[in-house]
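For reference, the structure discussed in these notes is given below.
Every number in this text was worked out from the coordinates using simple rules, so none of it is lab data. Worth saying up front: this structure is predicted, and the values here are computed from it rather than measured. Glycine gets a Cβ as well: all are built from the backbone with ideal geometry, and neighbour counts include every protein chain shown.
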Protein chains: 2
Amino acid sequence: MRVYLAGPDVFLPNAHEVLQRKCEVCAAYGFVGVSPFDAGGTPPPPTPDGGRAISRSNERLMRSADLVIANMTPFRGPSMDVGTAFEMGFMRALGRPVLGYSNMDDTLLARSIALCEGRQAGGHWVDAHGMLIEDFQLGDNLMLDGAVLESGSAVVRRATAREARFTDLTAFVACVDVAAALRRSGRLS
Amino acid sequence: MRVYLAGPDVFLPNAHEVLQRKCEVCAAYGFVGVSPFDAGGTPPPPTPDGGRAISRSNERLMRSADLVIANMTPFRGPSMDVGTAFEMGFMRALGRPVLGYSNMDDTLLARSIALCEGRQAGGHWVDAHGMLIEDFQLGDNLMLDGAVLESGSAVVRRATAREARFTDLTAFVACVDVAAALRRSGRLS
């Protein structure tokens, strides 16, 4: 069973090493990890066509996978990485299980209030633009947490130190463990 | 032809009015706008189950639509709204055209440098966590811009004043115009 490894891990200085470690965890559980780097080949040029080539390659790799484990750790703002969010939606529409983890364990509401000048207006929290901050006691936007819940799981959330936020694999390992449990119960087929 | 209207517009204080105006623009072009509010019914409670109910409802509405027009305007950070990004991935995997617009016309690189303590390291731009800021001369993450390019279009970008960032519909109208042109050329079937 092939697990697509979605996340901003690809932006780490030691991205290849971290994705290699994730593949090793998958292997220990009898899964095959699929990294965005698996496409191989020459790195595309820093142009729109280069970006498009990577997009096509990642879409192909997702179609080859049976499920996705997404790194949903908040990235450059109160929410997760948008490329990873796109990939969760992609796999969800294909009917493949969407699992996810985060290395922060607070709510979207708490982070948005802190980072986006949250204030009360009309009995709700709004941001600096006066836009509603959703409050469903979830870790991120309801489409993302919803896709994981509909897949028979919940987002695995573990607080980590700031400097280990994008490299700590404790929550990732717990998430692979969830995938193995779903497989045992026949919910990953 | 049904157009799913994805975007953070749902968080505006006058969300229903803005989505009504978008539906009117769609109608003027012979499209049927599909708003996340179309599900109707009682608003769900502010609990994880309530969020999950909206997620299910939005997924049903997306499956009922022929294409998506996404509001990709940067939201609470350098990138677009993550819920909208999820929905772009969802529609892309279903093979439905993904169109998008933004009310900012700068690049992801420029915004990330400004908002995330960008600095040079090893010939690349990195953020406060030392993570690479991608640079493909695109407006947002390559998966998002890539999906629009693969749909036969490009993201429509128009600079707007900050106070009109989430209500100005100039770029949205231009995007519906692009959809109409794709329909005329038989690329929306």
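Filter the stretch B:17-31 for residues that are surrounded by 13 or more Cβ atoms within 10 Å (Cβ to Cβ) and either in contact with a Pro (Cβ under 9 Å, 6 or more places away or on another chain) or not basic (K, R) (or both) and give the result.
Answer for the stretch B:17-31, where residues must be surrounded by 13 or more Cβ atoms within 10 Å (Cβ to Cβ) and either in contact with a Pro (Cβ under 9 Å, 6 or more places away or on another chain) or not basic (K, R) (or both): B:V18, B:L19, B:Q20, B:C23, B:V25, B:C26, B:Y29, B:F31.
Out of everything in the stretch B:146-189 that is of a type in the set (G, A, S) and at the interface with chain A (Cβ under 10 Å from one of its Cβ atoms), what residue ends up being farthest from B:L19 (Cα to Cα)?
Filtering the stretch B:146-189 for residues that are of a type in the set (G, A, S) and at the interface with chain A (Cβ under 10 Å from one of its Cβ atoms), the one farthest from B:L19 (Cα to Cα) comes out as B:G146.
Are any residues in the stretch A:161-189 touching a Leu at 6+ places or on another chain (Cβ under 8 Å), surrounded by 18 or more Cβ atoms within 10 Å (Cβ to Cβ) and not in a helix (DSSP H, G or I), and if so, which ones?
Residues satisfying the conditions are A:F166, A:L188.
How many residues does the stretch B:111-135 hold that are more than 7 Å from every other protein chain (Cβ to nearest Cβ) and hydroxyl-bearing (S, T, Y)?
Residues meeting the conditions: 0.
Restricting to the stretch B:20-59, name every residue that is within 14 Å of chain A (Cβ to nearest Cβ) and either within 14 Å of the chain's Cα centre (by Cα) or within 23 Å of B:G186 (Cα to Cα) (or both).
B:P36
Residues A:V148, A:V98, A:V126: which one is free of Cβ contacts under 8 Å to residues at least 24 places away in the same chain and either buried (at least 22 other Cβ atoms within 10 Å of the Cβ) or farther than 30 Å from B:G130 by Cβ (or both)?
When all the criteria are applied, what remains is A:V126.
Go through the stretch B:60-94 and give me each residue that's acidic (D, E) and more than 7 Å from every other protein chain (Cβ to nearest Cβ).
B:D66, B:D81
Of all residues in the stretch A:1-12, count the ones that are within 11 Å of another protein chain (Cβ to nearest Cβ) and either of a type in the set (A, V, I, L, M) or surrounded by fewer than 17 Cβ atoms within 10 Å (Cβ to Cβ) (or both).
Of the residues in that region, 3 qualify.
Any residue at all in the stretch B:136-145 that's within 17 Å of A:E59 (Cα to Cα), more than 13 Å from the chain's Cα centre (by Cα) and either surrounded by fewer than 18 Cβ atoms within 10 Å (Cβ to Cβ) or within 7 Å of chain A (Cβ to nearest Cβ) (or both)?
Within the stretch B:136-145, one or more residues are within 17 Å of A:E59 (Cα to Cα), more than 13 Å from the chain's Cα centre (by Cα) and either surrounded by fewer than 18 Cβ atoms within 10 Å (Cβ to Cβ) or within 7 Å of chain A (Cβ to nearest Cβ) (or both).
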